[in-house]
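Heads up: the structure comes next, in structure tokens.
The values are calculated or read from the model by the stated rules, or taken from the named source; none is laboratory data. Owing to the predicted nature of the structure, the values given are computational and were not obtained by experimental measurement. Here the Cβ positions follow ideal geometry from the backbone for every residue, glycine too, while neighbour counts run over all protein chains shown.
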Ligand SMILES: Nc1ncnc2c1ncn2[C@@H]1O[C@H](COP(=O)(O)OP(=O)(O)OP(=O)(O)O)[C@@H](O)[C@H]1O
Ligand SMILES: [Mg+2]
């Protein structure tokens, strides 16, 4: 459900840390309403620095970031957090309340909403991530998967227009990865924008329609996920190997004459079936 209304405009963004290390070098890109964007790149490429600039935790050294028409230099982080939900890399650092319910209620309470509205938002957000049954539990004692979901629920309770997740699937098992990405996809299907940083290429292929690749503080590639994974030689510069299934498909290109770039197992299956029908 992408309409071409920009939600994040990044214009000539350069960011230099106080130790003079320039982590982002003249970045230009626009994210549109309703997109699901994967952000990938080697360790230290600048992905988290970019997300912190978007969420206003860091301010551009040069250039501008416009969120929903407002420059991040002219808005407080607190105000931005009602537009952008941010799940940090190492999300456990975001947990601090003694129950799941209090954790999720914290943001809405800070907005000074009515008690009825706070309770409605807690209920809705916990239902969204499937955790209503553990609302009285102590968050740090939960499984890693459930802790991540509590953070996501607390972010959704702010009713943000877009969510940004920095490596939400690190350390999660297969099921946990797909549950978290599934929650993000639901949010996206409801018309919201999602940005996800991850090192799991198969998840990018499964969920993100667009992918931006970072390499040493610059954008290496920015396009549809299919176009991006069709360029393994360029991706090597940022030490990225396309998903295994894409590589299998590419190797069959020579064997079976397959032309298409496949992103998922079912796509590869269909492509092989079609090609064998054509050969028969
Ligand atoms: N507070 C800081 N002061 C100085 N340099 C920093 C600081 N934080 C990050 N950097 C450097 O900036 C560069 C980009 O870091 P960043 O955390 O944005 O990378 P990343 O792409 O998120 O990497 P990863 O995949 O490992 O999370 C790295 O070289 C990092 O060492
Ligand atoms: Mg990072």
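Structure values in brief
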quantity: Leading residue by the ranking (farthest from residue 55 (Cα to Cα)) among those in region 158-171 that are buried (at least 18 other Cβ atoms within 10 Å of the Cβ) and within 16 Å of ligand 1 (Cβ to nearest atom); calculated: 169
quantity: Residue list for region 236-259, restricted to those being touching a residue at least 40 places away in the same chain (Cβ under 8 Å), part of a helix (DSSP H, G or I) and farther than 22 Å from residue 13 by Cα; calculated: 244, 245, 246
quantity: Some residue of region 29-48 being surrounded by fewer than 21 Cβ atoms within 10 Å (Cβ to Cβ), in a helix (DSSP H, G or I) and without any contact (Cβ under 8 Å) to a residue 40 or more places away in the chain; calculated: no
quantity: Checklist (1) within 22 Å of residue 77 (Cα to Cα); (2) touching a helix residue (DSSP H, G or I) at 6+ places or on another chain (Cβ under 7 Å) applied to residue 48, failing item; calculated: (2)
quantity: Unique match (being loosely packed, with under 14 Cβ neighbours inside 10 Å, closer than 22 Å to residue 159 by Cβ and more than 16 Å from ligand 2 (Cβ to nearest atom)) among 103, 117; calculated: 117
quantity: Any hit, region 63-74, residues being part of a loop (DSSP other than H, G, I, E, B) and assigned by TED's automatic domain parsing to the domain that holds residue 212; calculated: yes
quantity: Hits in region 75-99 - residues which are under 18 Å from residue 159 (Cβ atoms), touching a residue at least 40 places away in the same chain (Cβ under 8 Å) and assigned to a helix (DSSP H, G or I); calculated: 94
quantity: Residue 169 vs. criteria within 16 Å of ligand 2 (Cβ to nearest atom) and in contact (Cβ under 8 Å) with a residue 40 or more places away in the chain; calculated: no
quantity: Odd one out for residue 197 among (1) farther than 10 Å from residue 38 by Cα; (2) surrounded by 23 or more Cβ atoms within 10 Å (Cβ to Cβ); calculated: (1)
quantity: Set 52, 25, 102: member being closer than 30 Å to residue 205 by Cβ and part of a helix (DSSP H, G or I); calculated: 52
quantity: When residues of region 27-44 are limited to those that are over 16 Å from the mean Cα position of the chain (by Cα) and under 24 Å from residue 77 (Cβ atoms), the one nearest to ligand 2 (Cβ to nearest atom); calculated: 27
quantity: Qualifying positions in region 41-57 - more than 9 Å from ligand 1 (Cβ to nearest atom) and in contact with a strand residue (DSSP E or B) (Cβ under 7 Å, 6 or more places away or on another chain); calculated: 53, 54, 55
